[in-house]
Amino acid sequence: MELKIGDIAEITGVPEREVRVLVQTYEDLFSYRTIGPVRIFPERAVQIVREIIDLSGEGLTTDEIIEAVHSGGAPTSPREPEADRPTPSLPPGVAFDLRMMQETLARQERRIAHLIAELEREREEVDRLRQAVDDLQGQFAIVAEWVDYFDLQMDEATLPALERIRRALLGRGGPGRGV
């Protein structure tokens with residue numbers, strides 16, 4: 001089976017742009033043929049990309065990675081246990097489909113984990129906003145009490161002088177005593 005760079009990116013779960021950079025950086029490791037401007041790679045390119053990523057994750061230099069892949073001493077991907085690798089008895093098409101399904105599943109699991117983390121951040125933000133609204137409602141209640149108090153004071157201050165004297169003598173009303 002022959003693959004384009006986009007196919008390799010989809011199978012490995014590595015963004016296409018990064019696969020292009022890897023192919024350009026490690027061009028000696030890849031064999032391909034061209035049809036017009038399109039490069040066509042053998043299935044082995046998928047394993048080479050995985051090996052490069054694994055080896056670069058171990059901190060090897062570009063030259064060390066090239067040497068390791070050429071010598072065949074590159075370690076296999078730790079994400080792919082022996083039991084998950086297709087057995088030699090499977091037909092090549094079935095083995096490739098199984099690997100593609102595993103890669104797709106892994107990509108979907110990463111996306112789900114990302115969405116769950118994003119949802120959790122949004123829930124925390126909603127909780128923070130609810131707390132802020134509760135705090136503001138408490139402050140508004142205090143302001144409303146003060147407004148009521150000052151309205152009462154203004155009502156008393158604007159009464160005619162005779163009405164204020166009459167209320168004071170009768171003991172009714174007045175600031176802070178109710179109306």
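The values are calculated or read from the model by the stated rules, or taken from the named source; none is laboratory data. All values derive from a computational prediction rather than experimental measurement. As a convention, Cβ positions derive from the backbone with ideal geometry for all residues, glycine included, and neighbour counts pool all protein chains shown.
Observations, loosely collected:
Each row is one residue, and each column tells you yes or no for (1) charged (D, E, K, R); (2) at pLDDT 90 or above.
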residue	(1), (2)
VAL126	no, yes
GLN131	no, yes
LEU159	no, no
ARG166	yes, no
LEU169	no, no
PRO175	no, no
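- Any hit, the range 40-63, residues being among the hydroxyl-bearing types (Ser, Thr, Tyr) and under 29 Å from ARG111 (Cα atoms): yes
- Residue count, the range 52-77 (criterion: in a helix (DSSP H, G or I) and either among the hydroxyl-bearing types (Ser, Thr, Tyr) or touching a residue at least 24 places away in the same chain (Cβ under 8 Å) (or both)): 10
- When the range 1-38 is filtered for residues that are under 33 Å from the mean Cα position of the chain (by Cα), under 21 Å from ASP63 (Cβ atoms) and of a type in the set (A, V, I, L, M), the ones remaining, listed by number, are VAL19, VAL21, LEU22, VAL23.
- So ILE48, is it modelled with pLDDT of 90 or more, buried (at least 17 other Cβ atoms within 10 Å of the Cβ) and not aromatic (Phe, Trp, Tyr): yes
- Residue within the range 118-139 that is of a type outside the set (D, E, K, R) and within 30 Å of GLU10 (Cβ to Cβ) present: yes
- Of all residues in the range 1-47, those being assigned to a strand (DSSP E or B) and among the aliphatic types (A, V, I, L, M) number 4.
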